[in-house]
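Worksheet for the structure shown next.
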Amino acid sequence: MPGATPTAVVTGAGSGIGAATARELAAAGYRVMLAARRAERIEALAGELRAAGHAAEAHALDVTDRAAVDAFASALQGRCDVLVNNAGGALGLDPVAEGDPADWRAMYEVNVIGVLHMTQALLPALAASGAGTVVVVTSTAGHGTYEGGGGYVAAKHGAHVLAETLRLEIVGQPVRVIEVAPGMVRTEEFSLTRFRGDAERAAKVYEGVAAPLTAEDVADTIAWAVTRPPHVNVDLLVVRPRAQASNTKVHRGG
């Protein structure tokens, strides 16, 4: 659709990095399709964006449900310029010897299979746009291990490999594949979800760290990568707070 407003799909848009990314891309001139399980969250965000003069639509969606993903893709009527695969998350911090297989399975489903579903469903439209972009939001957990993180680390490694493999397989097509791997990001829900609502335990993750990344910091990097000229592919962008040198080396206090 030459001349039409470019469309960006953002999964996990109900909060955190997803919501911040939707705001950034809307401000950059994209028609933003907000996808997340909690309809009330994305409807409120869509209303906020429209009130600011942007184009936005809310679509309740579970990325692990392939039939729902296919229906969503059909509703786009072949128009998609950017897909931001942001939906994901962590559950628990148990060692491998004690990890709950149900938690591992749930993390793999949303962090890997969800990305697979969305990418497969929208790749034809992305290619048809003539300059499509797939963004996979992984984590520094996808590039290094840490104790207690086995299930989440395995899932994010899977998402990283998906992005890397896809880039090899579609080279020559008018679609670029960008991976953004954030380190320590303080959002309202990530650690709280990981620790099943234990606010005290969630707060300890960031204890003594003067300035963890914010959702807006990561969204800014995503929007920057997406808005480079179409021939420029940011294969992998790792972004951490200054206080974090690695997954296990963090300066706290002082």
Task: Hz values of 3J(HN,Hα) by residue in the range 169-183 - Karplus curve (6.51, -1.76, 1.60), Gly and Pro given as x - done: 6, 10, 4, x, 8, x, 9, 9, 10, 10, 10, 10, 10, x, x
Task: Heavy-atom accessible surface of the chain: percent carbon and sulfur, 1.4 Å - done: 53
TODO: Take every DSSP beta bridge with both residues inside the chain and express the antiparallel ones as a percent of the total, to the nearest 5.
DONE: 5
- [ ] Read phi for every residue in the range 156-165 and hand back ³J(HN,Hα) as whole Hz from Karplus 6.51 cos²θ - 1.76 cosθ + 1.60, θ = phi - 60°, with x for Gly and Pro.
- [x] 6, 4, x, 5, 4, 5, 4, 5, 5, 5
- [ ] Mind ranking 33-40, 19-26 by how tightly packed they are, going by the mean number of other C-beta atoms within 10 angstrom, highest first?
- [x] 19-26, 33-40
Task: For the range 231-240, 3J(HN,Hα) per residue [Karplus equation, 6.51 cos²θ - 1.76 cosθ + 1.60, θ = phi - 60°, Hz, x = Gly/Pro] - done: 7, 9, 10, 8, 4, 8, 10, 9, 10, 10
Open item on the list: I'd like the distance between the alpha-carbon centres of the range 117-183 and the range 19-81, rounded to an integer number of Å.
Closed with: 19
Task: Gaussian network model of the chain, springs between alpha carbon atoms under 10 Å - residue of Val171, Val185, Val239 with greatest fluctuation - done: Val171
Open item on the list: Just the number please: accessible area per residue for the range 79-237, 1.4 Å probe, all protein chains included, in Å².
Closed with: 44
TODO: Using a Förster distance of 22 angstrom, determine the FRET efficiency expected from the C-beta separation of Leu76 and Val161, and round it to 0.05.
DONE: 0.25
Task: Dipole magnitude (debye, nearest 20) for the range 175-254, charges at Cβ of Lys, Arg, Asp, Glu - done: 280
- [ ] List the residues whose amide H sits under 5 Å from the amide H of Ala56, counting only those 5 or more places along or on another chain, with H placed 1.01 Å from N in the peptide plane.
- [x] Val32
- [ ] Just add up the charged neighbours of Glu48: K/R +1, D/E -1, any other residue whose Cβ is under 12 Å from the Cβ of Glu48.
- [x] +2
Open item on the list: Cβ neighbours within 10 Å, averaged per peptide: list 76-88, 191-203, 118-130 in order, most packed at the top.
Closed with: 76-88, 118-130, 191-203
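The values are calculated or read from the model by the stated rules, or taken from the named source; none is laboratory data. Here the structure is a predicted model, which is why all the values come from computation and not from measurement. Glycine gets a Cβ as well: all are built from the backbone with ideal geometry, and neighbour counts include every protein chain shown. Side chains included, ligands, DNA and RNA excluded: accessible areas come from the protein's heavy atoms. Shrake-Rupley method; radii C 1.70, N 1.55, O 1.52, S 1.80 Å.
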